[in-house]
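Student: Sending over a structure as structure tokens; questions will come in a sec.
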Amino acid sequence: MLLKGALTSISLAIAAVTSVIAVPIRQNLARRQNEGGNSTDLTNGLTDLVSWDTYTVKVQGERLFLFSGEFHYYRLPSPGLWLDILQKFKALDYNGVSFYFFWGYHSPKKGVYDFEGIRDVQKAFDAAAEVGLHVITRAGPYINSELDCGGFPSWLMDMHSPARKYNPENNANTEEWLTAIDKYMAANQITEGGPVIMNQLDNEFSFNTDPHYMEHLKQKFLDDGMVVPTIFNDVGTNGNFARGEGAPDIYGWDRYPAGFDCSNPLAWPNNRSTDWRDYHERTNDEQPMAVYEFQGGAFDPWGGPGYPECYKMVNEQYAKVYYKNNYAQGIRIQNLYMTYGGTSWGGIPKPTVYTSYDYGAAITEPGLMTTKAYENKLQATFLHTVKPFLTTERFEPESDNSDIILIDGLADVNTPTKFYVAQHWLSKSEDLDEFHIKIETTDGNFEIPRSSKLVLNGRDAKILTTDFDFNSQHLVYSTSEIFTHQDMGSHDVIVVYAYEEEDGEFAIKVNGDDTQVEADDSVTSETADGILQLTYKHPSGTTPVYISGGTEKDLLVLIAGYRSALRWWATPINKDTRVLIHGPYLVRTASVSESSIAFTGDIDETTAIQVVLPDDITSMTWNGEQVQLEQGEHGIWTGTLEFTEPDIQYTDLQEATWKYSPGSPEADPEFDDSEWVTADHLSTNSTTPHDTWPILYADDYGFHTGVLWFRGTFNGSSEITGFNLTAHSGDASAWVAWLNGEYLGGFDIENNANHAFTDLNGTLIDAEGENVISLLLWTTGHEDDFNADDDYKQARGFTQAELLGVSNQTIWSIDWKVQGNLGGEDLADPVRGPYNEGGLYGERNGWHLPGFPDNEWEDASIPESNSRTGVSWYRTSFEVNIPDGYDAPLSLRYIDDSKTRYRTILYVNGWNMGRYANDLGPQTQYYLPKGIVNTQGENTLAIAVIAIDEAAQLGQVILEPYDVLQSAIPPVELVESPGYDARQQ
Ligand code: GAL
């Protein structure tokens, strides 16, 4: 049917379109049609397994909308869970995933690379391949990503030459990384049978650019065997590297229209992009229009409003309005950043952001579904199953209310199918507005809706489809949006939806007058001129309508209200067939064996299901258990998935036995720091100017992460009245100073980077002898290099340390020692890696590790009943039992109403799972992923409390699951967690 009609359809489409469109677009449409809509595929000449034209990319010749989501393996340090998350992507009908690769995560020291354990990127490729997701690789070398140094390894801070520029030193360093990572990426390309289809050059390299550098990257990837098309994400529609030296095969851009201030989440900006199509035509018309990062959430800073607010800002309504606008503009490659944000555990984040990187994304930090996830599924399934959408050109349809409602017309160049993307001109409008559209179809010209109302109710956008051949049916138009359609053998099925209570019309072509329509009273039907029109209100559930007699095959129309539509899943059982199931929280997979279908998935309560299956499937299992299905009317089976309450157990930490030890002996003047590194540098490669010598930047001495200690010794004299210090570190950093063991003060960096300690002579300063200043610096990571200006080299330490009252100040008046994590770049704990531990005494001595003998420590209880100064350590163990077949993602939560200034580091089985700032927030709940935490056994918990105020008292801490799901979560192995003994060897 499709083939036969194709030629006439195209000419009709031209006729229909020319009457309403503006001239330049018509010319463009004509040009495209001359090319046949199937214009010759372009390739990079290295492989034809991934090709493209102006519309889309094609993978092994198959045209597809690349619906991708961003996932960071380094933000989920439990490789067993990667499969879980990527199964969720696939379940939501994503067909792609974009992986950043984080150089610093793999390289603690120049020349040292690690791809083992939690760093085993092969497992990420394997998980993507197993679930069937195409992979976009983004190995930088610079990646941004709210990471320490924007992904650069800390040792690169010592590089003299500028990063992200073509120069011998930087070339050698980037080559070192790319040689290491390219091995994995190249071996996992589609050409090798793997999932990788595209490879990005650097990241948003849009300021201080250097084409030679980009060209050098391209060449290096090539030398290392990367043959898939290269891509580049311009920071916006700015034309960087769209053409010329350094340009990739498929140029694209990034866009975050809602911004990153989640504190006023409903105040959307009115800055939806409407000029992309023109830009694309001017810039890279022969390539598909690609947005390699489109806002899927937002990061939140220390002291920010928290991720629930970010979710509110970038919620399902945002997904409707902004993503559909992308499609209207012509985007056919879309990567949603983030789709799963995860956890910036340990020291991996840059200073702006705290531990959770939930991002308000579609899938939450503990891996839970959101309404936005389901909304994304509604869109993705439509894009994958309503194929004419992939090859469209824009036209301007006629509509009423066009001052209020913008309608983009998209006409398929291969069939008569047209789409109308309707949205409010004012994206943030909350008004209810009615509109009509004039449609021209092969079945006649109409104004739709013909007899009911079509509305946009507030922050909504709709894609309406007309003149569409699907399975053995011909849709004339539908004012409900299409989720998907499927040939089930004896009949076809289509699922359509809109908000509850909104009117809908659905019109198909029928033959003769014998058409039977079976539906409840809420649906009326009328046939005129061979067109059957259903008119209805969208229900709160899903209303089935069964049409027989008028079409080649019967048609089941499932009319869903929005909430109900969210819980429809169209799960593929093979390349051409999807089965429909309604109800479950998550449907991971479906597979057919003879007449039985086996689903796997998750439920959060006893769930009534409806299932629509091909005729030859007559029974079903759910997670291996037989489900009693009843064959209802119209080919809809019904059944129930029983939720059985599990017996989940975990230790009540308030009842647990805790051990306590003080942990800042460095404050004591007698402390032996003879093994510490002497700070004796006179120059630095840092970009931070300094006022005194020696250089007091910890990175210059090989210490990069977490807490840093500086101890300064000076000989007293009657002249010295005090000293003046200026700390330099990132947002939310803090520092504490002691003199000769006495607490002098604790300072947050925002308000008190500089402090003069005065009038100390005659009191704390020993005028006759040696004096010791002890400084603890709580760092929060390094800056990134967004502007390609080497900002990542900002120092962590002190720019100035000067004695006061000395008339004849020498430039070097204090002798300094510096200390950070044990071993510096020669990691004491290579398994947990460079960002796990900092320079606290307890960290250097393995107090955070499983098996540390704390029996000599004092007993304590939490909440702590004593106020403690300096650093305090608490240790306990806890048990968890989450039975197999359940997923109950666990968290640790701090409860403390005081605003006492203290910070903590949370160690679970030796893993630094979070930094808490009691005085700043907003994060109080910390995700403990399965695999890091043993969910069927015993775990070690250690909490280091760093008092910034003179004393602090740790509040309550509790274990708490986020949710309990009866789940087909894949088995998760415990990660290797070396204990204290291993450190002693
Ligand atoms: C983009 C960048 C990403 C990430 C994002 C904000 O500019 O490419 O790496 O930083 O912003 O979350």
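The values are calculated or read from the model by the stated rules, or taken from the named source; none is laboratory data. Note that the structure is a prediction, hence the values are computed from the model and not measured. Cβ sites come from the backbone with ideal geometry, for glycine too, and all protein chains shown count toward neighbours. Calculation scope for accessible area: heavy atoms of the full protein, side chains included, ligands and nucleic acids excluded. Shrake-Rupley method; radii C 1.70, N 1.55, O 1.52, S 1.80 Å.
Student: Distance in nm between label sites at Glu856 and Asp529, each 7 Å beyond Cα in the beta-carbon direction?
Tutor: 9.4 nm
Student: Right, another one. Considering the Cα trace of the chain, what is its radius of gyration and what is Dmax, both in angstroms?
Tutor: 30.9, 111
Student: Distance between the C-alpha centers of the stretch 253-290 and the stretch 319-338? Whole Å please.
Tutor: 9 Å
Student: Need the C-alpha centroid separation for the stretch 514-578 versus the stretch 635-665, integer Å.
Tutor: One Cα centre to the other: 43 Å.
Student: Please list 3J(HN,Hα) in residue order for the stretch 476-482, calculated via the Karplus relation 6.51 cos²θ - 1.76 cosθ + 1.60 where θ = phi - 60°; whole Hz, with x for glycine and proline.
Tutor: 7, 6, 9, 8, 8, 7, 8
Student: Between Asp513 and His681, what FRET efficiency comes out of the Förster formula 1/(1 + (r/R0)^6) with R0 = 56 Å and r the beta carbon distance, rounded to 0.05?
Tutor: Here the calculated transfer efficiency is 0.05.
Student: Continuing with the same structure: At a 1.4 Å probe, what is the % contribution of carbon and sulfur to the accessible area of the chain?
Tutor: Details: 15030 of 32740 Å².
Roughly 46 percent, rounded to a whole number.
Student: Right, another one. Cross-link list Lys88/Lys350; Lys123/Lys377; Lys90/Lys462; Lys428/Lys899: which exceed 32 angstrom alpha carbon to alpha carbon?
Tutor: Where the Cα-Cα span goes over 32 Å, the pairs concerned are Lys428/Lys899.
Student: Between Glu670 and Asp158, with labels modelled 7 Å along Cα→Cβ, what's the label distance in nm to one decimal, could you check?
Tutor: Inter-label distance under the simple model: 3.6 nm.
Student: Go through Gly769, Tyr743, Thr687 and say which Cα lies farthest out towards the positive end of the charge dipole of the stretch 653-777; charges sit on Cβ, +1 for Lys and Arg, -1 for Asp and Glu.
Tutor: Result: Thr687, furthest along the dipole toward the positive end.
Student: A follow-up question, please. Only Cα pairs under 8 Å and at least 6 apart count here; give the relative contact order of the chain as a rounded whole percent.
Tutor: Values: 2537 pairs, mean separation 110.3, N = 985.
Rounded, it is 11 percent for the chain.
Student: To test your reading of the geometry: what angle, between 0 and 90 degrees and rounded to tens, separates the Cα axis of helix 23-34 from the longest principal axis of the chain?
Tutor: Taking Cα atoms only, the helix is inclined about 80 degrees.
Student: Tell me which cysteines of the chain come out unpaired when the rule is another cysteine's Cβ under 4.7 Å.
Tutor: So, Cys149.
Student: For Leu42, which sequence-distant residues (separation of 5 or more, or a different chain) have an amide H within less than 5 Å of its own amide H, given hydrogens modelled in the peptide plane?
Tutor: Those qualifying (amide H under 5 Å, at least 5 residues apart or on another chain) are Trp52, Asp53.
Student: By how many degrees, between 0 and 90 and to the nearest 10, does the Cα long axis of helix 121-131 differ from the longest principal axis of the chain?
Tutor: 20 degrees
Student: Here's a follow-up. Provide Ser807, Ser872 ordered by accessible surface of protein heavy atoms (probe 1.4 Å), highest first. Mind dumping the intermediate values first?
Tutor: Working: Ser807 100, Ser872 0 Å².
Solvent-accessible surface, decreasing: Ser807, Ser872.
Student: Put +1 on the Cβ of every Lys and Arg and -1 on every Asp and Glu Cβ in the stretch 2-369; which of Thr40, Ser356, Pro162 then has its Cα farthest towards the positive end of the dipole?
Tutor: Thr40
Student: If you fit an axis through the alpha-carbon atoms of helix 80-91 and take the longest principal axis of the Cα set of the chain, what angle between them do you get, 0 to 90°, nearest 10?
Tutor: Value to nearest ten degrees: 30.
Student: If you line up the Cα atoms of the stretch 869-985 on their principal axes, what length do they span on each, largest first, in Å?
Tutor: Reported extents, whole Å, longest axis first: 48, 40, 17.
Student: Considering only DSSP beta bridges with both partners in the stretch 41-101, what is the antiparallel share in %, to the nearest 5?
Tutor: 65 percent
Student: What residues have an amide H closer than 5 Å to that of Thr688, excluding those fewer than 5 places away on the same chain, when H is modeled at 1.01 Å from N in the peptide plane?
Tutor: Residues meeting the amide H criterion: Ala795.
Student: Still on this structure, I have one more. Might you tell me the accessible area per residue for the chain, computed with a 1.4 Å probe and given in Å²?
Tutor: With all protein chains present, the chain gives 33 Å² per residue.
Student: Which peptide among 172-178, 584-590 comes first, and what is the full order, when sorted by highest mean count of other Cβ atoms within 10 Å?
Tutor: Per-residue mean Cβ counts within 10 Å order the peptides as 584-590, 172-178.
Student: Could you give the size of the charge dipole of the chain about its Cα centre, using +1 on the Cβ of each K and R and -1 on the Cβ of each D and E, expressed in debye and rounded to the nearest 20?
Tutor: It comes to approximately 1920 debye.
Student: Say R0 is 60 Å: what FRET efficiency, to the nearest 0.05, do Ser402 and Glu960 get from their beta-carbon distance?
Tutor: Here the calculated transfer efficiency is 0.70.
Student: If one computes the Cα centroid of the stretch 435-512 and of the stretch 166-205, what distance in Å separates the two points?
Tutor: Using only Cα atoms to place each centre, the spacing works out to 46 Å.
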